[in-house]
1. Sticking with the crude label model, points 7 Å out along Cα→Cβ, report the distance from residue 57 to residue 131 in nm, one decimal please.
2. Starting from 0.36 nm per residue, how many nanometres of slack lie between residue 19 and residue 192 once their C-alpha separation is accounted for?
3. With an 8 Å cut-off on Cα pairs and a minimum separation of 6 or more residues, tell me the relative contact order of the chain in percent.
4. Quick one: if you stick a label point 7 Å off each Cα along the C-beta vector at residue 94 and residue 122, how many nm between them?
5. Once amide H atoms are placed 1.01 Å from N in the peptide plane, what residues at a sequence separation of 5 or more from residue 192, or on another chain, have their amide H within under 5 Å of its amide H?
6. Pick from 167, 213, 177: which residue has the top mean-square fluctuation in a GNM of the chain where Cα pairs under 10 Å get a spring?
7. Springs between alpha-carbon atoms under 10 Å, Gaussian network over the chain: tell me which of 149, 198, 84 tops the mean-square fluctuations.
8. Taking the simple approach of a point 7 Å from Cα along Cα-to-Cβ for both residue 228 and residue 34, what is their distance in nm?
Amino acid sequence: MTDPTTAFDTNFDVSALALQLTTGSEKVQAQTIEKLAILGTAGEELLMKFLLQRQSHPPTWIDGKAYQVLYNAESPAAKEFLQTNFPTGIVQLNSEQGIDYTPLQKLLADQDFQAADRLTLQKLCELAGPAAIQRKWLYFTEVENFTNTDLQTINKLWLIHSEGKFGFSVQREIWLGVGKNWEKLWPKIGWKSGNNWTRYPNEFTWNLSAPRGHLPLSNQLRGVRVMASLLAHPAWER
C-alpha cells in the first residue's frame with residue numbers, strides 16, 4: 001500500500017492549483033509548480049499560461065522554476081512554446097559590452113552548475129578584457145570597472161536557474177548578514193569547514209542541495225580581493 005505522506009496525490013484540483021500559482025506566496029507557488037510538473041499536459045498548459053502572463057515583468061526564481069519544468073518536458077507542445085516565447089531562455093541577456101551569455105543560460109537551464117561556473121569565470125574575464133582572457137583570472141581592480149548591466153545579467157542567470165540559491169547577490173546578502181566577516185562567510189556558503197578549505201572541484205556541491213550562496217565560485221581560490229570587489233560592486237546597490 002502506498003504511503004500517502006510520501007507520494008504525490010495526482011488527483012489535484014487543477015483550478016485550485018491555477019489559483020495557488022497566481023496568488024500564493026513564493027513558497028506556495030514553488031510547491032504548486034512541483035505538483036504541476038507531474039500532471040503532464042494539464043500541468044504544462046497551466047505553466048505556459050503562467051509564464052505568458054508574467055512575461056512583461058522581470059523574471060524571478062519562480063518563473064525560472066516554472067520554465068525549468070517546461071524545459072525538461074518531453075512534449076512537443078512545451079518545446080514549441082519555449083522556442084516561440086523564450087528562444088534564448090527565461091532571462092533577457094543584456095550586455096553593454098556585446099558579450100553573448102546564451103551559452104551560460106543554456107548550461108544553467110541544463111543545471112550543469114560546474115560547467116556554468118567555469119564559463120562564468122570566462123565571461124568575467126571577457127568583461128575585464130584581453131589581458132584577463134589570456135591569463136584566465138581576474139585582478140580585483142578589473143572587477144571594479146565591470147558594467148552594472150553585465151554583472152546583473154550574470155547574477156540573474158544564476159539566481160533564476162537555482163531557485164534563488166546561487167548568485168553574487170545571494171553571497172552579498174549572506175556577507176552583509178555576518179557583518180562582512182569573511183571567516184564567518186566561508187562556512188556558511190560551504191567554502192570552508194573548520195580550518196580546511198573546500199577542495200576544487202570534487203568537494204564542491206554542483207547541485208541544488210548545496211548551501212545558499214555556494215556558487216558561483218568567482219575566482220575565490222586566488223584570495224579574497226576579487227570576491228570583495230564583486231560583493232561591493234555598485235551593481236547591487238538599489
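1. Once both label points are built, they end up 4.4 nm from each other.
2. Working: separation 173, 0.36 × 173 = 62.28 nm, distance 4.28 nm.
Taking 0.36 nm per residue and subtracting the Cα distance, the gain is 58.0 nm.
3. Values: 263 pairs, mean separation 40.1, N = 238.
The normalised contact order for the chain reaches 17 percent.
4. Label at residue 94, label at residue 122, 2.5 nm between them.
5. 198
6. Judging by the Gaussian network model, the answer is 177.
7. Greatest mean-square fluctuation among the candidates belongs to 84.
8. A separation of 4.0 nm, rounded to one decimal place.
Just so you know, all these numbers are worked out from the coordinates, no wet-lab data involved. Being a predicted model, the structure only gives us computed values, none of them experimental. FYI the Cβ positions are ideal-geometry reconstructions off the backbone, even for glycines, and counts take in every protein chain you see.
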